[in-house]
Amino acid sequence: MQALRWHAAEDVRLDEVEEPGDPGEGFALVDVAYCGICGSDLAEFRDGPCLISPDAHPLSGQAPPITLGHEFSGTVSEAHPGSRFERGTRVTADACWRCGDCDECLRGNYNWCRYGGSIGLHSDGAFAAMVRVPEYALVELTDGVTDQIGALAEPLAVGLHALERPSARPGDDVVVLGFGPIGAASAICARALGAKAIVVEPNQERLARAESMGFDTLAAGERLPRRVRAALGAGGGSIVIDSTGVAAIVSDAIECARRGGRIVLVGLSSSQSSLDGRRLTLFERSLIGSLGYRHDLPKVIKMLETGQIDASGFVGDVVPLVDAGATLSDLASRPDGRIKVLVSVRG
Ligand SMILES: [Zn+2]
Ligand SMILES: [Zn+2]
């Protein structure tokens, strides 16, 4: 089968690879329908290895070259005997590898697993006709969730977790910095939770996309905190989600929060940021990290099923697998208004 594999930065190839074969105990094979291109795929293309490790991963045993893709939907094609999944079950997957034995795994905090990793970065992912995954990763898709929407459940879980970390509630004013896929997922989930999202983004196409999805927007740039305060009229956001991964933005992100506000860093920057701790203490603001998600995928699927999450407008383009590499390279060099691009693996 063909698989889009990461070999090195700027070197992603559509390779001919062996099909995974017998999944083995605790694993399943999934025939992939759609797989989304994630910001982390773009980061690996541009500057990798970032999260990808040159060494074999302790849980998957795999090292590069590695098939990218961790935001997918598909159909179980083979499971081991005694599996809770029947052949033909429509699924998506929680991308997080976990050992199940370390202290944090035992507490249920599996996204903190000391051996943690991700499908599509630390084991072959879903930019291919077939993907082999640990069965614990699979989550069934309900009838009301299409294969395209199902492939959005993973990034939406990242957005939902970023709002759970600061305990978002109805009525919160959520300032979302950056309207890439994770910023968009955060804004969509903020709205689903009854909060109000205001999106800040420098790219005009992305800003227009946010507006078309019904979000209030502000152009990024000079005097942002002052403009956020003017727009919200409450001393700033009660929650600020920084999805930009731009180290220099952290101090502005802090200033965009009102007294007692919570600032969540969900984007991963490639360099250190500097911040003035006094600006946290004097305003009793909290700075919070958010890493992936845990236990959120089934919640997201339920919220999609009931319509609580409205993901319309999230997908800006669908491309076939043969074009996935070129699309990855385009998006890595120039972000555009498509936000979430899905790869249609079945053609
Ligand atoms: Zn992702
Ligand atoms: Zn663990």
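The values are calculated or read from the model by the stated rules, or taken from the named source; none is laboratory data. The model shown is predicted, which means the values in this text are computed figures rather than measured ones. Here the Cβ is made from the backbone with ideal geometry for all residues, glycine too, and neighbour counts use every protein chain on show.
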Buried (at least 18 other Cβ atoms within 10 Å of the Cβ) and either among the hydroxyl-bearing types (Ser, Thr, Tyr) or more than 16 Å from ligand 2 (Cβ to nearest atom) (or both): does that describe residue 78? yes
Those strands (runs of 3 or more DSSP E) lying entirely in region 237-347 with at least 2 residues within 25 Å of residue 204 (Cβ to Cβ) and touching a residue at least 60 places away in the same chain (Cβ under 8 Å): 237-242, 315-320, 340-344
Kindly indicate which of 112, 97 is touching a Leu at 6+ places or on another chain (Cβ under 6 Å) and within 16 Å of ligand 2 (Cβ to nearest atom). 97
Among (1) under 19 Å from the mean Cα position of the chain (by Cα); (2) more than 21 Å from residue 340 (Cα to Cα); (3) away from ligand 1 (no atom under 16 Å from the Cβ), where does residue 52 come up short? (3)
Could you please let me know if residue 172 is more than 16 Å from ligand 2 (Cβ to nearest atom), farther than 20 Å from residue 61 by Cβ and either modelled with pLDDT of 95 or more or buried (at least 22 other Cβ atoms within 10 Å of the Cβ) (or both)? yes
Can you pull out every residue in region 222-248 that is surrounded by fewer than 22 Cβ atoms within 10 Å (Cβ to Cβ), closer than 21 Å to residue 190 by Cα and of a type outside the set (Lys, Arg)? 224, 225, 230, 231, 232, 233, 234, 235, 245
Which condition from (1) touching a residue at least 12 places away in the same chain (Cβ under 8 Å); (2) in a helix (DSSP H, G or I); (3) not polar (S, T, N, Q) is the one that residue 175 breaks? (2)
